[in-house]
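Input: a single structure, listed below in structure tokens.
Throughout, read-outs are computed from the coordinates displayed, never taken from laboratory work. Quick caveat: nothing in here was measured; it's all calculated off a predicted structure. Here the Cβ positions follow ideal geometry from the backbone for every residue, glycine too, while neighbour counts run over all protein chains shown.
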Amino acid sequence: MNIPKGRNYTKTHEWVKTTGNIARVGITDFAQHELTDIVFAELPQEGARIKAGEQCVVVESVKTAADVYAPISGRVVKINQGVAEAPELINSDSYGEGWLFEVEMSQADELNNLLTAEEYREITGEG
């Protein structure tokens with residue numbers, strides 16, 4: 001299972017990669033593998049305010065629908081239009097082209113509540 005370093009993770013299988021005050025968010029390789037073939041992604045609206053721990057995205061696969069939770073609070077500044085048009089990008093490149101949205105963080109200290117790659121590896125049993 002691919003769990004890159006240099007990102008933060010949640011127990012609900014989201015990842016965050018920060019550049020300055022902007023956090024790019026997606027779901028982990030573990031999550032996309034569990035969901036199998038993703039066929040739809042309902043992304044948040046640009047400009048929407050999100051709060052850490054609240055549902056902000058829905059992804060649907062051939063098996064089920066799953067909620068994606070905001071790992072960090074802030075304002076959505078960009079959505080991945082590529083995923084909106086081709087949700088299978090989440091399956092093929094969950095840490096690259098399959099990212100979901102970017103958020104301007106309002107409380108960067110929330111990053112301290114997230115997991116490191118090593119901690120996430122432990123909770124997924126991939127350690």
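Details
- For the range 36-67, GluC sites (Glu not before Pro) are listed when DSSP marks them as loop and at most 12 other Cβ atoms sit within 10 Å of their Cβ; the list is Glu46, Glu54.
- With θ taken as phi - 60° and the Karplus curve 6.51 cos²θ - 1.76 cosθ + 1.60 applied, the whole-hertz 3J(HN,Hα) list for the range 59-64 is 10, 10, 10, 5, 8, 6 Hz, x standing for glycine and proline.
- Put a plus charge on the Cβ of each Lys and Arg, a minus charge on the Cβ of each Asp and Glu, and nothing anywhere else: the dipole of the range 1-75 about its Cα centre is then about 440 debye.
- Take 79-90, 103-114 and order them by the average number of nearby Cβ atoms within 10 Å per residue, most first; the result is 79-90, 103-114.
- Reachable lysines from Lys78, criterion Cα separation under 25 angstrom, eight or more residues apart if same chain: Lys5, Lys11, Lys17, Lys51
- Dipole of the chain [Lys/Arg +1, Asp/Glu -1 at C-beta], most positive-end residue of Asn113, Ala65, Ile123: Asn113
- Rule-of-thumb Rg ratio for the range 1-72 [Cα; 2.2 N^0.38 Å; N residues]: 1.10
- Using C-alpha pairs under 8 Å with a sequence gap of at least 6, the mean separation divided by the residue count of the chain gives a relative contact order of 31 percent.
- Local electrostatic count, Gly98, Cβ distance below 10 Å [Lys/Arg +1, Asp/Glu -1]: -4
- For the chain, the dipole from Cβ point charges (+1 on Lys and Arg, -1 on Asp and Glu) about the Cα centre works out to 340 debye, to the nearest 20.
- Along its three principal directions, the equivalent ellipsoid of the chain from the Cα gyration tensor extends over semi-axes of 20, 19, 12 Å, largest first.
- Percentage of interatomic Cα-Cα distances in the range 58-114 larger than 18 Å: 42 percent
- Sequence-separation-based contact order of the range 6-61, relative, with Cα cut under 8 Å and 6+ spacing, percent: 24 percent
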